[in-house]
Amino acid sequence: MLKLEHLKKRYKTGPWVLKDISFEVPEGEIVGLIGPSGAGKSTLIRCINRLIEPSEGNIYLADACLSKLSTSQMRTQRRKIGMIFQEYALVERLSVMENVLSGRLGYLPFWRSFLRKFPSNDIDNAFEYLDRVGLINHANKRADELSGGQRQRVGIARALAQDPRLLLVDEPTASLDPKTSRQIMRLIQSICRENGLPAIINIHDVPLAQQFVDRIIGLQGGEVVFDGKPDELTEDVLTRIYGDEDWHPEPQDDADELEQAEVA
Ligand SMILES: Nc1ncnc2c1ncn2[C@@H]1O[C@H](COP(=O)(O)OP(=O)(O)OP(=O)(O)O)[C@@H](O)[C@H]1O
């Protein structure tokens, strides 16, 4: 279980970008984090694993209070937090298998990680994860030979190799076509269900989020303005999160807008 208590963040310059955020995510629950650009979604995700230092408040993962740990203690905890990124963050010149195994680096003593000497158990598990994400036949390919969807699957297998207690997912489908996006969301959903993993997914595509997450948290100006089930996301709520917009425009309206923009 993940618990945020009165989390606040202000960068060195500027206003508060997270203002008193509190919520809990139980085992196995997938939360979609939505909100307009600049609402604080990426900052929130990065505060949880302390890639960005929170200014105030506490973050608990299972029994550990992450926000109170020293840098070295946090390094130990961070290996339990799987991250999946929009741009995959793979090492392009390494093989698919080596990329998956890199999820184990945080567990190895220095000499093993320096020599990239992975225990055979890690290698067996990595094959299992590659099989789980449908890439068992691509283990020896270089990462840069894969399509975007396949790369994201490697990112998911690498996160699994960490044996995580939490998944943090930052715009996993932003670089993918609609069909591949759905496949990736379905894969993340089934992995969370199978492993009882809590997940927070920063996602711009609201209909996609509604289809695959259990709960939606809407951020606006660094505050939670909605926390509920995907089917409670009414037009009023969308307006509260994103501001005024016609949520069901006729296709013709879009074409007109485009035409007007081109003329202008
Ligand atoms: N390193 C930084 N220094 C100062 N301000 C920052 C920094 N990173 C982000 N911000 C500001 O914090 C606010 C929240 O940014 P954040 O990237 O978390 O929003 P977001 O909801 O993830 O946006 P997007 O959907 O566009 O990625 C913005 O006003 C942004 O300008």
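The values are calculated or read from the model by the stated rules, or taken from the named source; none is laboratory data. As the structure is a computational prediction, the values presented were derived from the model and not from experiment. Don't worry about glycine lacking a Cβ; one is built from the backbone with ideal geometry, like all the others, and counts go over all protein chains shown. Side chains are part of the model used for accessible areas, which takes the heavy atoms of the whole protein and leaves out ligands, DNA and RNA. Shrake-Rupley method; radii C 1.70, N 1.55, O 1.52, S 1.80 Å.
Per residue of the chain, what 222 nm ellipticity follows from adding -39500 (n - 2.57) for every DSSP H run with n ≥ 4, rounded to the nearest 500? Intermediate results must be reported in sequence, preceding the final value.
On the way: 10 runs with 101 residues, N = 264.
After summing the helix terms and dividing by the residues of the chain, the value is -11500 deg cm²/dmol.
Report the FRET efficiency, 1/(1 + (r/R0)^6), for residue 55 and residue 92, where r is their Cβ-Cβ distance and R0 is 30 Å, rounded to 0.05. Could you put the intermediate results ahead of the total?
Details: r = 35 Å, r/R0 = 1.18.
Efficiency computed from Cβ-Cβ geometry: 0.25.
Could you check how much of the accessible area of the chain is carbon and sulfur, as a whole percent, using a 1.4 Å probe?
The nonpolar share, carbon plus sulfur, comes to 48 percent.
Just the number please: accessible area per residue for the chain, 1.4 Å probe, all protein chains included, in Å².
So the chain comes to 51 Å² accessible per residue, rounded to a whole number.
How far apart, in nm, are two points set 7 Å out from the Cα along the Cα-to-Cβ line at residue 128 and at residue 194?
1.0
Cα axis of helix 178-195 to longest principal axis of the chain: angle in degrees, 0 to 90, nearest 10?
Result, in degrees: 60.
Which order do you get for 65, 47 if you rank them by accessible area with a 1.4 Å probe, largest at the top? Walk me through the numbers before you get to the answer.
Details: 65 25, 47 0 Å².
Output order, biggest surface exposure first: 65, 47.
For the chain, give me the percentage of DSSP beta bridges that are antiparallel, rounded to the nearest 5 percent. Could the numbers behind the result be given before it?
Details: 19 of 36 bridges.
Roughly 55 percent of the DSSP beta bridges within the chain come out antiparallel.
From the Cα gyration tensor of the chain, with a ≥ b ≥ c the square roots of its eigenvalues, which class applies: rounded if a/c is under 1.5, or else prolate if a/b is larger than b/c, or else oblate? Write down the numbers at each step before the final one.
On the way: a/c = 2.00, a/b = 1.32, b/c = 1.51.
Since a/c reaches 1.5 but b/c is at least a/b, the shape of the chain is classed as oblate.
Within the chain, what's the longest stretch lacking chymotrypsin sites (Phe, Trp or Tyr not before Pro) that sit in DSSP loops with no more than 16 other Cβ atoms inside 10 Å?
Values: sites that count: 11, 247.
For chymotrypsin sites (Phe, Trp or Tyr not before Pro) (loop position, at most 16 other Cβ atoms within 10 Å), the longest site-free span of the chain is 12-246.
Once ligands and nucleic acids are excluded and a 1.4 Å probe is used, how much of residue 128 is accessible, expressed in Å² to the nearest 10?
Rounded to the nearest 10, the figure is 120 Å².
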